[in-house]
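Written out below as structure tokens is the structure these notes cover.
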4 protein chains.
Amino acid sequence: MHTHAATGVVAELPLSAAAARVAVAGATGYAGQELVALLARHPAVTSLAAYRSDRSGSRRVPGWAGEIQPLDPQPAGAAAALAAAADVVFLALPEAASAALAPALVADGARVIDLSGAFRIVDPATRARWYPETRDADGAVYGLTERRRVELRAARLVACPGCYPTAALLAVEPLAEAGLLADGSDIVIDAKSGISGAGRSATERTHFCECHGNVSTYGVFNHRHTAEMEQELRRPVTFVPQLVPLDRGILETIYLRVRRGVTDADLSSAFGAAYDGEPFVGVCGAVLPSIRDVAFTNRCDIGWALDAASARLVVVSCLDNLRKGAASQAVQNFNVMMGLDETAGLLA
Amino acid sequence: MHTHAATGVVAELPLSAAAARVAVAGATGYAGQELVALLARHPAVTSLAAYRSDRSGSRRVPGWAGEIQPLDPQPAGAAAALAAAADVVFLALPEAASAALAPALVADGARVIDLSGAFRIVDPATRARWYPETRDADGAVYGLTERRRVELRAARLVACPGCYPTAALLAVEPLAEAGLLADGSDIVIDAKSGISGAGRSATERTHFCECHGNVSTYGVFNHRHTAEMEQELRRPVTFVPQLVPLDRGILETIYLRVRRGVTDADLSSAFGAAYDGEPFVGVCGAVLPSIRDVAFTNRCDIGWALDAASARLVVVSCLDNLRKGAASQAVQNFNVMMGLDETAGLLA
Amino acid sequence: MHTHAATGVVAELPLSAAAARVAVAGATGYAGQELVALLARHPAVTSLAAYRSDRSGSRRVPGWAGEIQPLDPQPAGAAAALAAAADVVFLALPEAASAALAPALVADGARVIDLSGAFRIVDPATRARWYPETRDADGAVYGLTERRRVELRAARLVACPGCYPTAALLAVEPLAEAGLLADGSDIVIDAKSGISGAGRSATERTHFCECHGNVSTYGVFNHRHTAEMEQELRRPVTFVPQLVPLDRGILETIYLRVRRGVTDADLSSAFGAAYDGEPFVGVCGAVLPSIRDVAFTNRCDIGWALDAASARLVVVSCLDNLRKGAASQAVQNFNVMMGLDETAGLLA
Amino acid sequence: MHTHAATGVVAELPLSAAAARVAVAGATGYAGQELVALLARHPAVTSLAAYRSDRSGSRRVPGWAGEIQPLDPQPAGAAAALAAAADVVFLALPEAASAALAPALVADGARVIDLSGAFRIVDPATRARWYPETRDADGAVYGLTERRRVELRAARLVACPGCYPTAALLAVEPLAEAGLLADGSDIVIDAKSGISGAGRSATERTHFCECHGNVSTYGVFNHRHTAEMEQELRRPVTFVPQLVPLDRGILETIYLRVRRGVTDADLSSAFGAAYDGEPFVGVCGAVLPSIRDVAFTNRCDIGWALDAASARLVVVSCLDNLRKGAASQAVQNFNVMMGLDETAGLLA
């Protein structure tokens, strides 16, 4: 794991702060809607303000009675309004908008939880390649909750992981850290994602009739989430996503080589060490998880099959792309930042 | 049935003409694509030219090697090009475009098969209300093939029925003509349609995630196909369509009152008289048809259940909205117009 | 509404009883699983025991850590075990099993919430026709919560309504009671249901490939829910259900005739009078509801379109068949019976 | 490729035989139904007899007017009946039934096209491990049409490939033969299959509600098709299939390492050399194919993405599991065996 700059940490923050005014910018996209619905029922949220950056979106979120306000198109004005309305601001915006807003919000004293890719990549050249619409930024904490709690507690700016990297990293990092993976071996990640992963814009690609009865591959060798996975794993990754005809959920089939002699017990130990007691990671062993198991939850379920004779390992990792892959992991990070019970307002 | 003006009939046409050059205008919509795929394999088609009216559509049709050319945005130019390229022109365009093109094509000597609603409504006031973008026009033959063969043989301009009216009229007309329906009784038509019925444009309504897991009602008391059904049936119709999460197909549940004493045998007789020997209408009796039975075919399957004691009748009528409800009924009409075997190039 | 016998009412019951030990018999069916998941998170449930009556079902419920025990196949033994384990017993069993168990449970001092059709029909001849596997029984309260609260508070045996009748009755009863419906007019109810409504047994009818891309009609003039609707509405009903390719949810399109002169405001008043302040009935007016609006909630959403000139009314009523149509309405009834906040443990 | 014994070859067969009486045993499964539908419209089929081995299946095939007869449960009787009825017998039966029937049919003078796995595996030990219900058999020709035409022309017994191997082998064999793959490198094949691949039996796994909204992995390191792929490729293969919520179709994402220096042009050349002029293999290059492109056709479409710098190659191969993966490839083999135009009765 890379080291984030110390500026993201505010040690003086009272960890027991049990309540907060929150705001969501970008409340009409799929992740934004989920955020609003979760925060509206969150026990520690004392007020919730929701803003939309697009003009065409609907003005209400299912399950929330409040009105979605237009966001000031000027970043300075938007930041001022958001910082006045909230202690913690969730950004569910395109990268360029997040890149413009987040530093101003932090400067105005708000804590920021960003769901875009604007602050995930640390290396400037890599960031410039994959997110040219953003600027170099110090201090963001990479919000893969289970693996970054200490840094998250005092973070001022959290870069929530992408949906695909969340499933991949939770599955591979424990094995890499336990030294079980063969040196220099390939990591192949074949992902199947529901169509909500393609966003709410109506395009030929998201038309029902193009998706129904179909599986389509995209982004081979040029998906931005590959860079995020490689940064965190510090190994090359071959990542191929596919759209499958369902609404929400991701299943990743991960192909690995383990060191000779690694046993199933070694794998169980490594995952157990990483996740025993974790409310939101299900270690399933040989019972391979499937998307329905995790839909609408904040859980990532992980199972595996080892062919010990050939040292080949297949790991299956599943989550709901709009929940653990986006909105509910953001709320989980909020819980950690606020010193709350990490499960507050979330479904396991 | 209303009487169409004689100008639509060209008695001198050689009925044995067994081959034709054809063109499709609007080849990138769902119905247009189906048309091209069907005509490309049609035994009597000697040449096929395809045109698109939109700029964004893809330039190839699955299953056809030809190039789709841009259609001249000026009606006069478009008509001249189409009439030069083809003996028979299929129009799969918006109503306004069809209304502008078809008369010019007929004037240029082409025979026209129009899939839009531009020429379906005979009464000027009714047409002006539901299709204000069109103009009054004489001479179109309403192309419900099984019921208009004589007129179709010599037609110069055919107005193919809407997808919903095709299923409704094939189911109700034989009963009305046999005098089995109770006087003045309601006709309620509850339709379930696949999403291709909403067209190829990418909108919030056609986004996969809005349709998946959903049923949605639309157009209650203001769907244009109601006027078409009422014109043909000469009775008031209550018609409510619903979008259901599938690609193609329509199932209509039709609620009728029959005269006291009408028996199941009477119904069988009426349907048998209408459709015995018809290759494309399946009379299913008590085995109610479902959409999978007719998908990808030119068939309309009709079943029913009678509660004789209360004189209530439920008729179920199914077809593929892109085939019998659009493209393949158009080809069936082409076969009739050309004096060909009516099943040429079609799947029953 | 019919009058239930007084034996269903136990006026001496302490209404403030805020906690209960509960049991679910039939925990492996779709409704049973939902029940367990809801009750496991219910704030007033102090203990939860789950039983399965089938041998093949899985032994765990997603989202609940407990073990599902086998139910004694002998009714006496099963009743004794259930009554010992719980103050309130939910039965999600086939009709014959419910009919055998419920009276014994009541005799043993338990309160019973039955999700089957065993106790819904009051008239002995009607019950014997549609539910011959059951016996005449007095004292069950028909658990359409919004309309039976007074009786439910002290009920010992609650017959939860069927999924289809719940959507139909909540939509039609306010109009009938307000005197808005035309005398002697037909009531036509066309229902579209997700496949979970066909139950968990694996049959040709529930095979994915038979349902995908399909709509199929069943039970015309012989569905048991028709009797239930007619009992409550005291009018003849034409009811036709259809299976549509989605998991959960029902949308009913209801065709009615209103009295001459009835206005949209009259309809709004009637629905407002019935449901203002109700947390679980959404009165949507002209914005017709769809299944996605209510999936996973305990809500029934109702919208309508009136053609005042012809006095025709179309009402659309939506709910989640496994929630408001089964498990969560049962929990809502439990809340009423226990004197709890009616929304406890439920999602609106 | 392994060498099949000469007994499978009947050089004296008149290759120009342009017509045949055919029979299908196992006509009620998904592949069997497709076979019947294809053969019923095949121009060279003079008579078609269909048999079912199960008792519960429906007795009609959509699109075919004939009756499906029961198959004699005694192999000798069944073989005699089939050989009397047909010159060519298609077996769409479980492996044990095919293993019992095929030799008797060949002995009775029929030519046999088997769709099961009974005769695919050549090595006795491998066969005994994966297909213990079968017996060693010489003389079957492995029916991957594009790559076995010479042997197929005179074959008496054809073992049609599995659906997954068909997609995999058509994609990988040309690269292996052209020497483009890195020595000793892994072959990872991640397959996504529609639910019809799980067969027609109604099980919990094929229940609509288990499949809807779901992706599930199965058979990791123990799927029988792995042995078939490894036999043909003579390399180890890591194969993982997934069920995705659609009806028909397979998309395989294949992860390969090429030799250093291999270019995109090398890949195009290899695929071009293998498939130029082939009517049923689409070489798509960088435009990755998807399932909708090939549904209902006999085509396998192949595309790829090369990362030349790292010598990683991703190949995407798509087909319809019931057509090119089963029934229509069997018909294609029939065409070759009969000396017919290979496209007779098939859709490209």
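Here are some notes:
- Restricting D:189, D:121 to residues that are assigned to a loop (DSSP other than H, G, I, E, B), surrounded by 24 or more Cβ atoms within 10 Å (Cβ to Cβ) and among the β-branched types (Val, Ile, Thr) narrows the list to D:121.
- Consider the range D:315-330 and keep the residues that are closer than 21 Å to residue D:276 by Cα and of a type outside the set (D, E, K, R). The one that is farthest from the chain's Cα centre (by Cα) is D:315.
- Residue in the range B:44-64 that is touching a residue at least 60 places away in the same chain (Cβ under 8 Å), more than 19 Å from residue B:141 (Cα to Cα) and aromatic (Phe, Trp, Tyr) present: no
- Residue within the range C:296-309 that is assigned to a helix (DSSP H, G or I) and at pLDDT 95 or above present: no
Conditions tested, residue by residue: (1) under 30 Å from residue D:201 (Cα atoms); (2) in contact (Cβ under 8 Å) with a residue 60 or more places away in the chain; (3) in contact with a His (Cβ under 7 Å, 6 or more places away or on another chain).
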position	(1), (2), (3)
C:117	yes, yes, no
C:171	no, yes, no
C:187	no, yes, no
C:198	yes, no, no
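- Residues located in the range A:53-85, provided they are part of a helix (DSSP H, G or I) and either surrounded by fewer than 17 Cβ atoms within 10 Å (Cβ to Cβ) or touching a helix residue (DSSP H, G or I) at 6+ places or on another chain (Cβ under 7 Å) (or both): A:75, A:76, A:77, A:78, A:79, A:80, A:82, A:83, A:84
- Just one residue in the set B:126, B:134 is closer than 30 Å to residue B:234 by Cβ and not in a loop (DSSP other than H, G, I, E, B); that residue is B:126.
- When restricted to residues that are of a type in the set (A, V, I, L, M), under 15 Å from residue A:22 (Cβ atoms) and in contact with a Lys or Arg (Cβ under 8 Å, 6 or more places away or on another chain), the range A:85-137 contains 5.
- The one condition in (1) buried (at least 21 other Cβ atoms within 10 Å of the Cβ); (2) farther than 30 Å from residue D:320 by Cβ; (3) within 14 Å of chain D (Cβ to nearest Cβ); (4) of a type in the set (Ser, Thr, Tyr) that residue A:134 fails to fulfil: (3)
- Qualifying residue in the range D:223-246 (condition: assigned to a loop (DSSP other than H, G, I, E, B), modelled with pLDDT of 95 or more and among the polar types (S, T, N, Q)): no
- Top-ranked residue in the range C:192-222 [being in contact with a strand residue (DSSP E or B) (Cβ under 9 Å, 6 or more places away or on another chain) and assigned to a helix (DSSP H, G or I); ranked as nearest to residue D:245 (Cα to Cα)]: C:208
- Verdict on residue B:288 being in contact with a His (Cβ under 9 Å, 6 or more places away or on another chain) and assigned to a loop (DSSP other than H, G, I, E, B): no
- Among the residues listed as C:193, C:201, C:185, the single one being under 30 Å from residue C:308 (Cβ atoms), within 12 Å of another protein chain (Cβ to nearest Cβ) and of a type in the set (Ser, Thr, Tyr): C:185
- Restricting A:171, A:198, A:182, A:178 to residues that are within 28 Å of residue A:27 (Cβ to Cβ) and small (Gly, Ala, Ser) narrows the list to A:198.
- Residue match in the range B:148-171 (condition: assigned to a loop (DSSP other than H, G, I, E, B) and within 14 Å of chain C (Cβ to nearest Cβ)): no
- The condition of being touching a Pro at 6+ places or on another chain (Cβ under 7 Å) and either of a type in the set (S, T, N, Q) or within 25 Å of residue D:159 (Cα to Cα) (or both) holds for residue D:344.
- Restricting attention to the range B:327-348, the residues that are of a type outside the set (A, V, I, L, M, F, W, C) and within 14 Å of chain D (Cβ to nearest Cβ) add up to 2.
- Members of the range C:30-52 found to be out of contact with any Ser or Thr (no Cβ under 8 Å at 6 or more places or on another chain) and in a helix (DSSP H, G or I), listed by number: C:31, C:32, C:33, C:35, C:36, C:37, C:39, C:40
- Criterion (in contact with a helix residue (DSSP H, G or I) (Cβ under 7 Å, 6 or more places away or on another chain), closer than 30 Å to residue A:194 by Cα and at the interface with chain A (Cβ under 10 Å from one of its Cβ atoms)) met by exactly one of D:303, D:249: D:249
- The lone exception for residue D:273 - which of (1) under 20 Å from the mean Cα position of the chain (by Cα); (2) in a helix (DSSP H, G or I) it fails: (1)
- Residue match in the range C:229-239 (condition: closer than 26 Å to residue C:122 by Cβ, more than 9 Å from chain B (Cβ to nearest Cβ) and among the polar types (S, T, N, Q)): yes
- Counting only residues that are touching a helix residue (DSSP H, G or I) at 6+ places or on another chain (Cβ under 6 Å), polar (S, T, N, Q) and more than 8 Å from chain C (Cβ to nearest Cβ), the range B:204-224 holds 1 of them.
- Index of the failed condition, residue A:258 passing every other in (1) touching a Leu at 6+ places or on another chain (Cβ under 6 Å); (2) at the interface with another protein chain (Cβ under 9 Å from one of its Cβ atoms); (3) within 27 Å of residue A:310 (Cα to Cα): (2)
- Residue B:321 being part of a loop (DSSP other than H, G, I, E, B), of a type in the set (S, T, N, Q) and buried (at least 21 other Cβ atoms within 10 Å of the Cβ): yes
- Any hit, the range A:86-95, residues being in contact with an Asp or Glu (Cβ under 7 Å, 6 or more places away or on another chain) and not in a loop (DSSP other than H, G, I, E, B): yes
- Here residue B:292 meets each of (1) of a type in the set (Lys, Arg); (2) within 12 Å of chain C (Cβ to nearest Cβ); (3) under 14 Å from the mean Cα position of the chain (by Cα) with one exception, condition (3).
- Any hit, the range C:52-74, residues being of a type in the set (Ser, Thr, Tyr), within 23 Å of residue C:345 (Cβ to Cβ), more than 14 Å from every other protein chain (Cβ to nearest Cβ) and touching a strand residue (DSSP E or B) at 6+ places or on another chain (Cβ under 8 Å): no
- Subset of the range B:93-138 that is of a type in the set (Val, Ile, Thr) and under 13 Å from residue B:82 (Cα atoms) - its residue that is farthest from the chain's Cα centre (by Cα): B:106
The values are calculated or read from the model by the stated rules, or taken from the named source; none is laboratory data. Values in this document were obtained by computation on a predicted structure and should not be read as measured data. Cβ atoms come from the backbone with ideal geometry, glycine included; neighbour counts cover every protein chain shown.
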